[in-house]
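A short worksheet on the structure shown next.
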Protein chains: 2
Amino acid sequence: MILWVAAALLLAISCGETVRSLDETLLTSPDGGLTLQFGLSGSGRPYYALKRGGEDVILPSGLGFDLTDGTSLKDGFAVVSVEKDSLDETWTPVWGEEDKIRNHYNEALVSLKDSLGNAMNIRFRLYDDGLGFRYEFPLENKLVYFNIREELTEFALTGDHTAWWVPGDYDSQEYNFKECRLSEISRYCEEMRIPNASQEGYSPWGVQTAIQMKTDAGLYLNIHEAAVLDYPAANLLYDPARKTFQIHLTPDAQGVKGRLQAPCKTPWRTMMVCPSATDVLASRLILNLNDPCVIEDVSWIHPVKYVGVWWEMITHKTKWSYTDDYPSVQLGVTDYAASTPHGKHGANNENVRRYIDFAAENGFDAVLVEGWNEGWEDWFGKKKDFVFDFLTPYPDFDLPALNAYAHQKGVRLVMHHETSSSTLNYERWMEKAYTLMNQYGYDAVKSGYVGFIIPYGERHNSQPTINHYHYAITEAAKHHIMVNAHEAVRPTGLCRTWPNMIGNESAMGTEFRARINPGHTAVLPFTRLQGGPMDYTPGIFEQDMSITAPGQEGKMHHTLCNQLGLYVTFYSPLQMAADLPENYERFPDAFQFIKDVAVDWDRSIYLQAEPRKVIVTARHPKLSTLNASAESLAKLPDGRKDVISGAARFVYALPEDAKSLKGATPHDVWYVGGVGGPEEQTVTFTLDFLKPGAQYEATVYADAPEADYETAPQAYTITRETVDASKQYTLRIARGGGFAISLREIL
Amino acid sequence: MILWVAAALLLAISCGETVRSLDETLLTSPDGGLTLQFGLSGSGRPYYALKRGGEDVILPSGLGFDLTDGTSLKDGFAVVSVEKDSLDETWTPVWGEEDKIRNHYNEALVSLKDSLGNAMNIRFRLYDDGLGFRYEFPLENKLVYFNIREELTEFALTGDHTAWWVPGDYDSQEYNFKECRLSEISRYCEEMRIPNASQEGYSPWGVQTAIQMKTDAGLYLNIHEAAVLDYPAANLLYDPARKTFQIHLTPDAQGVKGRLQAPCKTPWRTMMVCPSATDVLASRLILNLNDPCVIEDVSWIHPVKYVGVWWEMITHKTKWSYTDDYPSVQLGVTDYAASTPHGKHGANNENVRRYIDFAAENGFDAVLVEGWNEGWEDWFGKKKDFVFDFLTPYPDFDLPALNAYAHQKGVRLVMHHETSSSTLNYERWMEKAYTLMNQYGYDAVKSGYVGFIIPYGERHNSQPTINHYHYAITEAAKHHIMVNAHEAVRPTGLCRTWPNMIGNESAMGTEFRARINPGHTAVLPFTRLQGGPMDYTPGIFEQDMSITAPGQEGKMHHTLCNQLGLYVTFYSPLQMAADLPENYERFPDAFQFIKDVAVDWDRSIYLQAEPRKVIVTARHPKLSTLNASAESLAKLPDGRKDVISGAARFVYALPEDAKSLKGATPHDVWYVGGVGGPEEQTVTFTLDFLKPGAQYEATVYADAPEADYETAPQAYTITRETVDASKQYTLRIARGGGFAISLREIL
């Protein structure tokens, strides 16, 4: 259906470059709560505005582009047509927080043409929980190939909202969140930029997407982007005078901020508008704006709960490297077999077998092993092109034998591809590396992008590098490989389209240890996790680094129960139990929750939330994926399905040594998790989501009365009781604390 | 053997940064003609100088580097040791101008250390015909990873020599040569930089390697480089005040001019010193400084004489593209089958079959077909990343059927991979593209690098791109594929190490048509061809573009016989007969020489030479490679050895329709070729290289008396006579002219 915009609309726009109001409504959200206004300024610049229940949410905000050839797409436009549409569909994610997602919006495609004949269309989708819009450039256009100097999209806000943000950067998202008023961003921006491995030359103040905001009226707003592909990722520059964010894209090696070829479209720009914080967590706006899954056979994609030879390296107990003999390594030339091992190499056969045994005993699906391959002696900070070959193990890592040993125990190894950000080199070896994985039965890879990008001058968040990440995902899919990319650009919902993208880091994760501020994990689900799951690697029971790795320093800012809560509050189909086996063995009763918890869900309920303060979530496991890893292992020649996942044991109430699910009856099971922030608090919630009339055995893992992240981080209580849907809990959450509850129906 | 440099040497150096003389001789050439001096300045900067018969050739010239971290490697050095060595070996090239090459030098490795503990060694090799030296950085060094801001190597000359040069550039070598005095370089540098497809931002005046010079005393000097790998290519900046060239390296996307990791070495810097111009042509200095062949089985590498669906596109008679329907192509999305062909697509089945027939009838080994694959509608000038997939033919190019048709006729197709300089994209598709070639029996690829390099900001001659070309060569070798890369960096003798690198363009070739100055082809063998063969694509019989392609303009600056001469004066194991079949059919008697001439040699004699004026060369074919292509074709499932090469027909004196060499007796055969310059001239030479006592049938293809590149370019005479070793020829060469002689022993 094509509607012509009323002439009144065009005339209603005030003259001049600043538009004070847009009176004409272009779209209304399905529930009528949100209305979108669109119009052109006197000079022909397109503007939009957003209201909720008649109140302004976004004031008239400019749209358009400056191009590198000196021209621009920001004035002289006239509306050619407006085409309206709507959709109300329900789709089934391969994995996720629920088994059905509703995608319900009203849409308008506004076709514009400027006085030079340049066509620029804007597609708006208005949901009940927010707005998405993107620019589209049709093939039949004066513009065919063109380069962006800057995207001029604005978000003009109505007040000095409270905001939770990380500082702008072209390469890294690994920062603590700051909570402050918008007007204070410039004051804190530099101090929030703590050093990391990829900082070079960029320092305009500003923030990254996603930014979570709260108005003084209690409305939760969130600016993000969706489906960032073949386009750079955005920062947001804040102009306090105009209370306006403007997009600031990541430049490529030649300073270009997007090289476009019509027909093409930009990523979606999004503004989530929610009356409560739990609604933000329940929003599927970003996923819905991405394209449906394009992988036809998804049977090989499955959730993974894993342990890994990793934390011992992060904490400097062992090392990724093998020898201290060489100041410089040349792959294929340096003879490791002839070198003297320094004796601290973590990925050695004996140690990896120990982790495999631990995984099998405790119902984990997989064991990540980092530092298995040649090159770790000088991989970092050298801008070294040929840094790894992803094929050649160190002498003490018997790749075939370790995989066989793991498969015999019903466990898989997770491959590790640290690229050192030499994407050029990774692409040269990728096909061989994925083929090696297929050969030995690896079906998941953790990739890493630490350091400066090669091709020289590119950025982690620039268009060519974003295209590289996508290339890695699509090539992996051909090999039936799941990818968990660390240090890559923050995800923007692409996992809907490519569900083998089972994880990302793209934020400050556990590896930052004592540098993580309390409350950090109570912000991430509002921001970073909106775009897709994070491999946060929770589960650190031992906060004191000097105990984990004698001689090291630092204490992490969380209680033990906080870490348990994360397995529920953080959604990821890929969850690690990150601490050392020996640390878990010291707390077997608390570790039981990590063993029992599922990682994929058919229902999620957000019971309580406030950014940086608290998140309480209840989730119901998706039975069909509970044992998927064991199922897929059974397809391996040497695979034996003799170990089943811990969550399956819990759901089927099987003993620890159960070898089969055959004939077992599933119990209705829920998990509840809570994480707090920097202040002590009490939360109250009811279990009204439980099956009416049914009785459940509840196991509550809670901060002990004396628990506190600084003074008693390991103080916890475990209580068991029989409950039903009427049960109301009032729980204390310590500073940096949390809790977890497992609920199993009593049959 | 380690010798300590005499203290006297160190003391003999004058103080200050300019060194006036170096008295101590470090090395003498095997024949005693050249002597190399080395020493340190008062500030500890290393200097070298070169004399011939006691006369200065290179005055004391500084060595060293500035590094990007602000430090330098140019003073404070002391000599730690001097290690001397020598070699006299003869090696066998897989293909070349002769079947045995002598590599005979005296060597000194000077180990230096500066006051900061940085080790920098310089390896000098002194040959009878020139000097090579390079820097080497050992592993045990304070410097491990370091980046070059500039290489400070100098060549201080003794006078205002005459020079033949092309202007400096980071991307292209496709320029006419200028002949002038060194002092005039700056005056002409800009005007010589005619526009080409890769010019962006670079304009410091200077020249490229190789530069040919001649002293007023008649000594021929040539500055070049050898074995440029994992290092940028060099320009040379000339300082008229000091009569000194200094290296000016090609920067990468971040301005770095070489990222080094010890242990490592730079390319060789070379100065050829020859008493005559023919000695320059006979020099194997550049090849000798490269490493020996690393390909174990070279049986699949063979010379190729070919025709191609190419000149008709260059002349705009037909097109690479298929349709005018789309302003922009998206590979895999754009549906060519549904498009309207514009009707001028050259690589269509019928036309390709016509070329295959022509090749088979005339004894050519292969047919190049450009424009066979999707994407040519918008491949150029867009900086388009995913520009070709190297796999998908246009609808009217039946790849399997055409290869089968060619093989049936004893001919191979030559693959074409135009990368549009998107090396990133080429590397993504390379393995699949080479595999496709193997599948259908292609064993040679012409690759192209037109336009700006992607990764963005890289240069054709920067280190990462040079590493890309090498990657393409080494990956091709794994597939038994020969590579002829156009627009890639000028070669520097790497074909000794990787003889599947059978050709390069890397200079202004035939495709420049009327823009090529007369005399151009009489300079190239002194400069460009020193580094390896050029796919110059000679053989243009029709100089007038309006005849070849009605509606086009321009007349090329050569006579028909000039083009025949090039098949002998230009060495390449890959030689094209570039003109249209229909143009050859107009001159069947002259075309006979192209059919008869060989392309690989066991002996070459340089009879007469002067840069830009004249080159006369005699060559003797290498029988073992005469029919190599047919031999290798026979290995194909559908290959039939029923067509033998034209040169084999000539050597074995077989009729045109001969199907087998069985039982045939080779005749002793020589070919002589001559090319001239902008002026008319007469050359005189004797055939004293012929077998004593034997009689030969000589066929002389010569410029007719009225021939002239402007007024009568197609005027030629063909004469036949019986000659022996006493025969002396005196031949007129027209302006832009040349000649060719075939000599077949009468048995």
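The values are calculated or read from the model by the stated rules, or taken from the named source; none is laboratory data. Please read all numbers here as calculations on a predicted model, not as lab measurements. Heads up, the Cβs are rebuilt from the backbone with ideal geometry, glycines too, and the neighbour counts pull from every protein chain shown. Each accessible area value is taken on the protein alone, full model and side chains, heavy atoms only, with ligands, DNA and RNA left out. Shrake-Rupley method; radii C 1.70, N 1.55, O 1.52, S 1.80 Å.
Assorted remarks:
- Every condition in (1) aliphatic (A, V, I, L, M); (2) within 11 Å of chain B (Cβ to nearest Cβ); (3) open to solvent by 20 Å² or more (accessible area, probe 1.4 Å) is met by A:VAL450 except one, and the failing one is (2).
- Considering region A:671-707, and only residues there that are assigned to a loop (DSSP other than H, G, I, E, B) and touching an Asp or Glu at 6+ places or on another chain (Cβ under 7 Å), the residue that is surrounded by the fewest Cβ atoms within 10 Å (Cβ to Cβ) turns out to be A:LYS691.
- Each residue in region A:544-587 was checked for being aliphatic (A, V, I, L, M), part of a helix (DSSP H, G or I) and buried (at least 23 other Cβ atoms within 10 Å of the Cβ), and 4 of them qualify.
- When A:VAL489 is tested against (1) more than 10 Å from chain B (Cβ to nearest Cβ); (2) open to solvent by less than 10 Å² (accessible area, probe 1.4 Å), only condition (2) is not met.
- Lone unmet requirement of (1) part of a strand (DSSP E or B); (2) open to solvent by less than 30 Å² (accessible area, probe 1.4 Å); (3) not charged (D, E, K, R) for A:THR90: (2)
- Within the span defined as region A:708-723, every residue fails to be open to solvent by less than 30 Å² (accessible area, probe 1.4 Å), at pLDDT 95 or above and polar (S, T, N, Q).
- Filtered residues of region B:424-447 (kept if facing another protein chain (nearest Cβ under 9 Å) and either among the polar types (S, T, N, Q) or under 19 Å from B:ASP252 (Cα atoms) (or both)): B:LEU424, B:GLU427
- Scope region A:522-543; condition polar (S, T, N, Q) and open to solvent by 10 Å² or more (accessible area, probe 1.4 Å); matching residues: A:GLN530
- Extreme residue, farthest from the other protein chains (Cβ to nearest Cβ), among residues of region A:350-400 that are polar (S, T, N, Q) and open to solvent by 10 Å² or more (accessible area, probe 1.4 Å): A:ASN362
- Residue count for region A:496-528, restricted to those that are closer than 18 Å to A:CYS293 by Cβ and hydrophobic (A, V, I, L, M, F, W, C): 3.
- Residue ranges of strands (runs of 3 or more DSSP E) in region B:94-203 with at least 2 members open to solvent by less than 40 Å² (accessible area, probe 1.4 Å), among the hydroxyl-bearing types (Ser, Thr, Tyr) and at pLDDT below 95: none
- Residues (touching a residue at least 12 places away in the same chain (Cβ under 8 Å) and more than 32 Å from the chain's Cα centre (by Cα)) located in region B:699-724: B:PRO705, B:THR719, B:ARG720, B:GLU721, B:THR722, B:VAL723, B:ASP724
- Test result for B:ILE733, hydrophobic (A, V, I, L, M, F, W, C) and surrounded by 24 or more Cβ atoms within 10 Å (Cβ to Cβ): yes
- Test for B:ALA476: is it open to solvent by less than 10 Å² (accessible area, probe 1.4 Å) and either within 12 Å of chain A (Cβ to nearest Cβ) or touching a His at 6+ places or on another chain (Cβ under 8 Å) (or both): no
- Index of the failed condition, B:SER299 passing every other in (1) under 30 Å from the mean Cα position of the chain (by Cα); (2) surrounded by fewer than 16 Cβ atoms within 10 Å (Cβ to Cβ); (3) at pLDDT 95 or above; (4) not aromatic (Phe, Trp, Tyr): (3)
- For region A:426-447, the set of residues classified as surrounded by fewer than 21 Cβ atoms within 10 Å (Cβ to Cβ) and not in a loop (DSSP other than H, G, I, E, B) consists of A:GLU427, A:TRP429, A:GLU431, A:LYS432, A:THR435, A:LEU436, A:ASN438, A:GLN439, A:TYR440, listed by residue number.
- Each residue in region A:403-423 was checked for being assigned to a strand (DSSP E or B) and either on the phi > 0 side of the Ramachandran plot or within 14 Å of chain B (Cβ to nearest Cβ) (or both), and 1 of them qualify.
- Selection from region B:497-523 of residues that are touching a Ser or Thr at 6+ places or on another chain (Cβ under 9 Å) and assigned to a helix (DSSP H, G or I): B:THR510, B:GLU511, B:ARG513, B:THR521, B:ALA522
- The single condition from (1) assigned to a strand (DSSP E or B); (2) polar (S, T, N, Q); (3) within 14 Å of chain B (Cβ to nearest Cβ) that A:ASN467 fails is (1).
- Test: B:TYR105 is in contact with a helix residue (DSSP H, G or I) (Cβ under 8 Å, 6 or more places away or on another chain), more than 14 Å from chain A (Cβ to nearest Cβ) and of a type in the set (Ser, Thr, Tyr): yes
- Lone unmet requirement of (1) part of a loop (DSSP other than H, G, I, E, B); (2) touching a residue at least 40 places away in the same chain (Cβ under 8 Å) for B:LEU236: (1)
- Within region A:712-747, considering residues that are among the charged types (D, E, K, R) and assigned to a loop (DSSP other than H, G, I, E, B), the one nearest to A:ARG515 (Cα to Cα): A:ARG735
- Any hit, region A:594-607, residues being among the hydroxyl-bearing types (Ser, Thr, Tyr), touching a strand residue (DSSP E or B) at 6+ places or on another chain (Cβ under 6 Å) and surrounded by fewer than 24 Cβ atoms within 10 Å (Cβ to Cβ): yes
- Residues in region A:123-142 that are touching a Phe, Trp or Tyr at 6+ places or on another chain (Cβ under 6 Å) and either under 23 Å from A:LEU260 (Cβ atoms) or within 14 Å of another protein chain (Cβ to nearest Cβ) (or both): A:PHE124, A:ARG125, A:GLY132, A:PHE133, A:ARG134.
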